[in-house]
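Values quoted throughout were computed directly from the atomic coordinates according to the rules given, and no laboratory measurement underlies them. Worth saying up front: this structure is predicted, and the values here are computed from it rather than measured. Positions of Cβ are generated from backbone atoms using ideal geometry, with glycine treated the same way; all protein chains shown enter the neighbour counts.
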């Protein structure tokens, strides 16, 4: 199995029986291999429908979805699904199986040896930040965050080149959610799979996505681009409203002082100091708060590595 | 009848013809001791056999019908109604209908007993198979389980608590109902009761001892099934811990 798969939607349309409006309307876009792609939009935008068409939990009426060039309709459905990791909001762990047996589900279906499955379970528990002893516990004994970690481990078990995630963190408290978001980004960096991630939360989309597909009511693709490009150049009023009036600040939140053009420090005695890992958004906040027009950047060694003026930040936008 | 003078005499070993027995006192241990081997123990074993056959065949039938109803929803209702209709039939009347065909045999007794277990077991098994949460089924399908794997690896294990619950009711009620077998055959714990009742003076000790054995058998079987549930469903038990 390859490390990551390229996914292509070609004019995909889906109408549910008894409804006039399409759930997904002539959807076309390409997700390069290894990309973390977020589908975002208001409810009724067809994002979950679009996701479930990839593993054929929802059949589509016309068009084509290709994984590495192969139509999903040409792959036997059981084989297709065993090759795609699937994570849902309610997790759906098997209550009667231990954590270890839950994680080992797809490898067992694929006929891996017992020893190989055992090793893989241990490896995955560590990858998602659980204890080796957790393998023997039952889902009812876990917290919501731990359950979703198991859900993620289970989806990754057979090393699929594609991961489908349907609002995986939607039911978690904000702290657990933020921690899992951060870890999923790190994990994506490590395992390098293609991810399609559905959310209705635009903040989550901007934080997580390499690319964002914004779907509007009726399942129409409003814009598909990088978070920075969408914030800088919303395709229309709908996208502009959807990403928010504060899109300039959201763009600044995507970058840190380490990425900014620094100047040698001058006239900086009253300026606030900030480590170079600070986002540009927080740097602006510091300047507004202290009434200064510049911020002194402190490097990892604790020394001043330069300063950034407010004027320069405006030029970046 | 039970005056103080009888006290010291109600001791085993006096056996048949003791004043307790001849006086038909409330309960004579001596009689129980003397007739355990020739009356009570065989009746108990026959009763267990009657129950095991009824629940065994009833469970196999109910399970097959439940699998069918789980696959084809539209047959669930007709099967449920048919089982309920069988349940309304008085067993003595049913015996009258069956005897010309199946004679005075165990088969005649087992047919109504099996029918009665169906009305308990069928809906319990169907409800159990449906008890798997939607998100669990969606995750299972999304991971590429076939329909058969979904049934045997997910739906059926999750149905075990409901199935064992149904078995407990079926076993306990069958043990009680199986005493009527004595109307047809000289078997089961109903037979000593039937026999003692028909005597010119109903013999109390025989009636009580057989009745108590039936109750004890029901309680013991129920305890056994509770133990079975604990063994088969470790996930629910540990979840509460």
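At a glance:
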item	result
Modelled FRET efficiency - R0 51 Å, residue B:73 with residue A:127, Cβ distances, 0.05 increments	0.75
Region A:20-37 and region A:276-309: distance between their alpha carbon centers, rounded to Å	40 Å
Förster radius 51 Å - calculated FRET efficiency between residue A:304 and residue A:119, Cβ distance, rounded to 0.05	0.55
Gain upon complete extension [residue A:240, residue A:311; 0.36 nm per residue less C-alpha separation]	23.1 nm
For residues of A:86-93, the mean tally of beta carbons on other chains within 10 Å	5
Average beta-carbon neighbours from other chains, 10 Å sphere, peptide A:136-143	3
Part-to-part distance (alpha-carbon centres) for region A:168-231 and region A:53-116, which is given in Å	21 Å
Between helix B:204-232 and chain B: long-axis angle, C-alpha atoms, 0 to 90°, nearest 10	20 degrees
Cβ-derived FRET efficiency at R0 45 Å, residue B:228 paired with residue B:22, nearest 0.05	0.50
Ranking of B:116, B:195 by count of other Cβ atoms within 10 Å, fewest first	B:195, B:116
0 to 90° range, to nearest 10: angle between helix A:114-127 axis and chain A longest Cα axis	20 degrees
Residues A:149, A:116, sorted so that the one with the fewest Cβ neighbours within 10 Å comes first	A:116, A:149
Potential extension, residue B:134-residue B:63 segment - 0.36 nm per residue separation minus Cα distance	23.3 nm
Helical contribution to [θ] at 222 nm, DSSP H n ≥ 4, -39,500 (n - 2.57), averaged over chain B, rounded to 500	-22500 deg cm²/dmol
Most mobile of A:295, A:202, A:150 in a GNM of chain A (Cα contacts under 10 Å)	A:295
Highest average packing first - A:273-279, B:100-106, Cβ atoms within 10 Å	A:273-279, B:100-106
Residues B:136, A:288, sorted so that the one with the fewest Cβ neighbours within 10 Å comes first	A:288, B:136
Computed lengthening from residue B:150 to residue B:208, 0.36 nm per intervening residue step minus Cα-Cα distance	15.9 nm
Mean-position separation - Cα centroids, region B:166-241 and region A:120-163, in angstrom	47 Å
Rounded to 10°, Cα long-axis angle of helix A:174-191 versus longest principal axis of chain A	80 degrees
Label-point gap, in nm, between residue A:43 and residue B:216 - each point 7 angstrom along Cα→Cβ	6.2 nm
